[in-house]
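S.K.: Before I ask anything, here is the structure I am working with.
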Amino acid sequence: MRPTRRGITIVEVVVVIVAIGLIAALALPHLGGRQREQRLAKLHAARGAVQSAAALMHGVAQARHNQPQPTCAAAGFGANPPWLNAAGSGSLCTDHSRVQVALLCPAPTLAGIVASAGLVPVVGTPSSAQLAVEGFEVRSAAGELQVLVGGGRDAAQCSFVYRAPRTLGEAPEVGAPATRGC
């Protein structure tokens with residue numbers, strides 16, 4: 001009588017490890033590529049939302065410049081009822097927030113372009129923490145706001161910049177997206 005075998009041999013362990021390695025080698029590049037595609041899609045969608053919001057709010061600001069506005073039911077930046085002064089600064093009402101406006105365009109702030117673009121599904125002005133939950137980060141500099149999409153190799157290289165106009169009458173600018181770090 002031969003004794004029954006109760007364990008696994010080293011050959012069987014090596015075969016299983018090699019099989020797992022092959023599966024991982026085949027699957028991981030596809031998963032990483034899909035995640036990059038998702039970050040790129042999020043970046044382009046956010047850029048499109050910012051471009052649309054900037055154009056829409058600029059048009060609304062021109063129409064309401066120095067005009068009385070009705071009381072705004074939404075929370076957010078500025079006085080209620082909203083008002084745009086002679087310099088084109090103040091606030092405008094949207095369906096989900098009061099938006100900060102400067103020079104007849106959404107200001108490069110959370111209360112300005114980020115609130116008007118609706119990058120985060122909140123009422124009022126979104127916070128940095130609420131943006132982070134959605135995978136975004138914002139960095140401000142003089143007259144501009146950089147919108148970054150996290151999760152990639154370098155968030156600064158998965159971003160675009162919104163620049164406010166320098167003078168009344170100019171249009172805001174949404175820069176080309178940087179995609180190397182997505």
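The values are calculated or read from the model by the stated rules, or taken from the named source; none is laboratory data. Predicted, not measured: the structure shown is a model, and the values here were computed from it. Positions of Cβ are backbone-derived with ideal geometry, glycine not excepted, and every protein chain shown enters the neighbour counts.
S.K.: Tally the residues that are crowded, with 24+ Cβ neighbours inside 10 Å, among the polar types (S, T, N, Q) and part of a loop (DSSP other than H, G, I, E, B), restricting the search to segment 103-126.
M.R.: Number satisfying all stated conditions: 0.
For every residue, the table says whether it meets (1) within 19 Å of Ser128 (Cα to Cα); (2) at pLDDT below 90.
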{"position": "Leu43", "(1), (2)": "yes, no"}
{"position": "Val50", "(1), (2)": "yes, no"}
{"position": "Met57", "(1), (2)": "no, no"}
{"position": "Ala61", "(1), (2)": "no, no"}
{"position": "Pro68", "(1), (2)": "no, yes"}
{"position": "Thr71", "(1), (2)": "no, no"}
{"position": "His96", "(1), (2)": "yes, yes"}
{"position": "Leu104", "(1), (2)": "no, no"}
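S.K.: Further question on the same structure: Consider only pairs whose beta carbons are under 6 Å apart and that are at least six residues apart or on different chains; among these, list those whose first residue lies in segment 156-169 and is on the phi < 0 side of the Ramachandran plot and whose second residue is part of a loop (DSSP other than H, G, I, E, B) and loosely packed, with under 13 Cβ neighbours inside 10 Å.
M.R.: Gln157/Arg180
S.K.: Please find, within segment 79-102, the residue that is surrounded by the fewest Cβ atoms within 10 Å (Cβ to Cβ) out of those that are closer than 17 Å to Val114 by Cα and in contact (Cβ under 8 Å) with a residue 40 or more places away in the chain.
M.R.: Just the residues of segment 79-102 that are closer than 17 Å to Val114 by Cα, to begin with: 89-102.
Filter again for in contact (Cβ under 8 Å) with a residue 40 or more places away in the chain, leaving 99, 101-102.
Working: Val99: 31, Val101: 31, Ala102: 21.
Of everything passing the filter in segment 79-102, Ala102 is surrounded by the fewest Cβ atoms within 10 Å (Cβ to Cβ).
S.K.: Being more than 14 Å from the chain's Cα centre (by Cα) and not in a loop (DSSP other than H, G, I, E, B) is the filter; apply it to segment 152-182 and report the residue that is farthest from Ser52 (Cα to Cα).
M.R.: Among residues in segment 152-182 that are more than 14 Å from the chain's Cα centre (by Cα) and not in a loop (DSSP other than H, G, I, E, B), the one farthest from Ser52 (Cα to Cα) is Arg163.
S.K.: Right, here's the next one. What number goes with the only condition from (1) surrounded by 17 or more Cβ atoms within 10 Å (Cβ to Cβ); (2) over 20 Å from Gly88 (Cα atoms); (3) touching a helix residue (DSSP H, G or I) at 6+ places or on another chain (Cβ under 6 Å) that Tyr162 does not pass?
M.R.: Status for Tyr162: all satisfied but (2).
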